[in-house]
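Where a number appears in this text, it was derived from the coordinates with a stated rule and is not lab data. Keep in mind that this is a model prediction, so the values were computed, not measured. Neighbour counts are summed over all protein chains in view; Cβ atoms, including those assigned to glycine, are modelled from backbone coordinates with ideal geometry.
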Amino acid sequence: MKQAGCLKRLKSMAFSIKVYFLSHKPKKGIVKLSHKLEYACRVLAQLGRRHGADKLSQIESLATAEAIPANYLVQILNELRGAGLIVSKRGKQGGYALAKEPKQITLIEIVEALDSELLEHHFESSGHSGPQVAAIWTEVGEAFEAKLRTYTLKDFVVQADDGGMYYI
C-alpha cells in the first residue's frame with residue numbers, strides 16, 4: 001500500500017535531470033556522462049551541420065572543428081558506424097557522413113550506441129526497503145530515457161556563425 005502511494009506521487013512529479021560531461025566541472029545533483037558520449041554528440045552535430053553537402057567530412061577537419069583528439073575520434077566514429085548512425089568511405093575522396101537526416105537520429109540512439117550502460121538499471125528488491133528503492137530508481141530511469149527520446153541530433157546542430165557581418 002505504502003509503495004503504491006509513493007509511486008503515485010512520483011508519477012505526478014515532473015523530473016528534472018541535470019547532466020554533465022567529464023570535461024566540465026561537476027555540480028551536485030547531476031548525472032555524470034563520459035567523454036566518449038560528449039565527443040560523439042559533438043562530432044555528430046558537426047556531421048549534422050554538414051549534412052546534405054556533396055563532400056564527405058574528413059576526420060582531420062572533424063577533429064579540429066570539435067577539438068577532439070583524432071586518434072580517439074577514429075574509435076568513436078567506428079562505433080557510430082557500427083550502430084548505423086554514420087556511413088564512411090575509404091580513400092582519397094573518403095570521409096564520414098550521417099546515415100540519415102539529423103532529425104531522424106534520437107539522443108537515445110546515440111547513448112545506446114556509445115554508452116548503453118547509462119540506460120541499464122538493475123536494482124535489488126531484497127530486504128525491507130529494496131522494493132521501494134528499486135521502484136523509485138526504475139521510475140527515475142524511465143523518466144531519463146523518455147527525456148532522451150525527445151531530443152534529436154537536429155537539436156544539437158549549431159549552424160555556422162558568420163560573425164554578424166553583412167555584405168552589400
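Structure notes:
- Of all beta bridges that DSSP places with both ends in the range 19-155, some 65 percent have antiparallel geometry.
- Cut-off 14 Å between beta-carbons: net charge of the residues surrounding F123, Lys and Arg +1, Asp and Glu -1: -4
- Partner aspartates and glutamates whose Cα lies under 16 Å from the Cα of K103, excluding those fewer than 8 positions away in the same chain, are identified as D155.
- Loop GluC sites (Glu not before Pro), the range 55-160 (other Cβ atoms within 10 Å of the site Cβ: 10 or fewer; DSSP): E120, E124
- Taking the convex hull of Cα positions in the range 34-168, its mean projected area over all directions (nm²): 11.1
- Loop-located trypsin sites (Lys or Arg not before Pro) in the range 59-142 whose Cβ has at most 11 other Cβ within 10 Å (DSSP): R90, K92
- Summing Lys and Arg as +1 and Asp and Glu as -1 over all other residues whose Cβ lies under 13 Å from the Cβ of K89 gives a net charge of +3.
- Greater than 27 Å apart at Cα, pairs in K32/K92; K89/K147; K92/K154; K32/K55; K32/K89; K32/K147: K32/K92; K89/K147; K92/K154; K32/K55; K32/K89
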